[in-house]
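The values are calculated or read from the model by the stated rules, or taken from the named source; none is laboratory data. In this text the structure is predicted, and so the values were computed from the model without any measurement. Don't worry about glycine lacking a Cβ; one is built from the backbone with ideal geometry, like all the others, and counts go over all protein chains shown.
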Amino acid sequence: MSRIGKKPVELAKGVSATVSGQTVEVKGPKGTRSFTATDDVTIALEDNALKVTPRGLSKRARQQWGMTRSMLENLVTGVTTGFKKELEIQGVGYRAAMAGNVLKLSLGYSHEVNFDVPKGVTVTTPKQTEIVVEGIDQQEVGQVAANIREWRGPEPYKGKGIRYKGEFIFRKEGKKK
């Protein structure tokens with residue numbers, strides 16, 4: 001039995017959901033999101049909550065049961081509060097700035113890195129060394145943050161680079177004589 005799948009997904013105030021076949025559409029104050037589930041599960045809207053049940057006892061049906069429930073919860077969270085990833089930049093001369101819809105990064109290269117922000121995601125720079133990525137789609141927010149971090153990941157010797165806020169970087173000792 002899936003412990004995650006058994007719990008119903010409660011709809012917050014101001015959130016409405018419509019179920020048509022295997023597709024669920026959730027509308028909230030931040031926008032609209034939809035998800036299409038596989039044929040291994042059944043989705044029902046009961047008592048202002050979404051319930052997911054497996055269609056059989058196969059291993060795949062049980063896997064899809066918990067995963068579908070998690071995806072539905074992420075839809076509801078996305079349209080109510082949204083998702084947020086915070087990045088920190090560490091290093092002398094490393095900085096970030098927004099110019100319209102382009103994130104300009106100075107990361108020690110001979111040129112400035114221009115990162116085009118995709119639609120559906122908001123990127124802000126409260127400080128020169130902080131980047132905040134926000135949106136209603138958890139996967140897209142995480143992917144944009146990972147793409148930004150990829151330009152200069154944190155290195156283990158001096159700790160320079162772009163890291164997630166609160167991320168621990170295991171530091172290595174340098175060469176010895």
Residues in segment 124-143: is at least one assigned to a strand (DSSP E or B), over 15 Å from the mean Cα position of the chain (by Cα) and either outside the structural domain of THR36 (by TED's automatic domain parsing) or of a type in the set (S, T, N, Q) (or both)?
yes
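One residue is enough: does segment 138-152 have a residue meeting the conditions more than 27 Å from THR32 (Cα to Cα), touching a Leu at 6+ places or on another chain (Cβ under 7 Å) and of a type in the set (Lys, Arg)?
Pass one, segment 138-152, residues more than 27 Å from THR32 (Cα to Cα): 149-152.
Retained after the next criterion (residues that are touching a Leu at 6+ places or on another chain (Cβ under 7 Å)): 149, 151-152.
Narrowing further to those that are of a type in the set (Lys, Arg): 149, 152.
Yes, segment 138-152 contains at least one residue that is more than 27 Å from THR32 (Cα to Cα), touching a Leu at 6+ places or on another chain (Cβ under 7 Å) and of a type in the set (Lys, Arg).
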Which residue out of VAL133, VAL92, VAL76 is within 25 Å of ILE169 (Cβ to Cβ) and surrounded by 14 or more Cβ atoms within 10 Å (Cβ to Cβ)?
VAL133
Taking the residues in segment 90-148 that are of a type in the set (Gly, Ala, Ser) and touching a Ser or Thr at 6+ places or on another chain (Cβ under 7 Å) as candidates, determine which candidate is nearest to GLY31 (Cα to Cα).
GLY135
Considering segment 3-52 alone, what residues qualify as being crowded, with 19+ Cβ neighbours inside 10 Å and at pLDDT below 90?
GLY5
Among the residues in segment 79-89, are any surrounded by 17 or more Cβ atoms within 10 Å (Cβ to Cβ), out of contact with any His (no Cβ under 9 Å at 6 or more places or on another chain) and over 26 Å from GLU167 (Cβ atoms)?
yes
Single residue of VAL141, VAL132 found to be more than 20 Å from VAL92 (Cβ to Cβ), touching a Gly at 6+ places or on another chain (Cβ under 9 Å) and at pLDDT 95 or above
VAL141
TRP65 fails exactly one of the following numbered conditions: (1) in a strand (DSSP E or B); (2) touching a residue at least 12 places away in the same chain (Cβ under 8 Å). What is the number of that condition?
(1)
For segment 157-177 the number of residues that are at negative phi and surrounded by 13 or more Cβ atoms within 10 Å (Cβ to Cβ) is 6
